[in-house]
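The values are calculated or read from the model by the stated rules, or taken from the named source; none is laboratory data. Small disclaimer: the values here were computed from a predicted structure and weren't measured. Glycine gets a Cβ as well: all are built from the backbone with ideal geometry, and neighbour counts include every protein chain shown.
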Amino acid sequence: MPICEMCGKEGNLILAEIEGGELSVCSGCSKYGTVKKKSYGHGTRTFSSGTNRKSFSKQQNKPEFRIVRNYSQLIRKAREQKCMTQEEFANSLNEKESILAKWESGTLRPRLNIARQLERLLNLVLVEKDVVGSVEIDKKKKGPSDELTLGDFIKVRKRK
């Protein structure tokens with residue numbers, strides 16, 4: 001008997017697309033996605049014509065964008081130059097004042113569509129093209145550090 005790939009229930013399965021992937025699920029779990037093929041029984045598993053592969057490759061070639069590092073300072077400075085309070089500016093964006101305060105303090109990054117809206121309103125550049133393959137990790141040489149890790153602690157305890 002086939003087993004549901006979501007809950008593990010045995011029975012007749014339905015081929016459904018759930019969060020971008022095709023899964024063989026029971027009728028109860030099929031409500032979490034769109035049904036592709038009903039009454040998926042004992043036979044071999046068949047998939048549709050590979051549309052997921054095509055959309056995946058398109059996503060790979062799509063340029064990625066990110067918000068600049070000093071976005072909080074830029075937003076605050078531009079808002080202050082327009083002589084607007086946080087409350088007034090938040091109302092003009094249809095956002096909460098607390099969200100704007102978090103953007104300006106740097107504790108919350110605005111979504112890309114909001115950042116583009118901020119760019120238009122404030123005449124700033126907040127969104128930049130992300131260089132393919134760039135990683136925001138410090139590029140220090142990794143070597144033995146002075147700090148103990150949990151693994152080091154366990155090794156020390158075993159030796160004693």
Qualifying positions in the range 113-132 - surrounded by fewer than 11 Cβ atoms within 10 Å (Cβ to Cβ) and either among the aromatic types (Phe, Trp, Tyr) or not in a loop (DSSP other than H, G, I, E, B) (or both) = Asn113, Arg120, Lys129
query = Do any residues in the range 4-23 that are part of a strand (DSSP E or B) have Cβ atoms under 9 Å from those of residues that are surrounded by fewer than 12 Cβ atoms within 10 Å (Cβ to Cβ) and among the small types (Gly, Ala, Ser), where the two are at least six apart or on different chains, and which pairs are they?
reply = Leu13/Ser39; Leu13/Gly41; Ile14/Ser39; Leu15/Ser48; Glu17/Ser48; Glu22/Ser48
remark   = Of the residues in the range 24-79, those that are at pLDDT below 85 and among the basic types (Lys, Arg) come to Lys36, Lys37, Lys38, Arg45, Arg53, Lys54, Lys58, Lys62
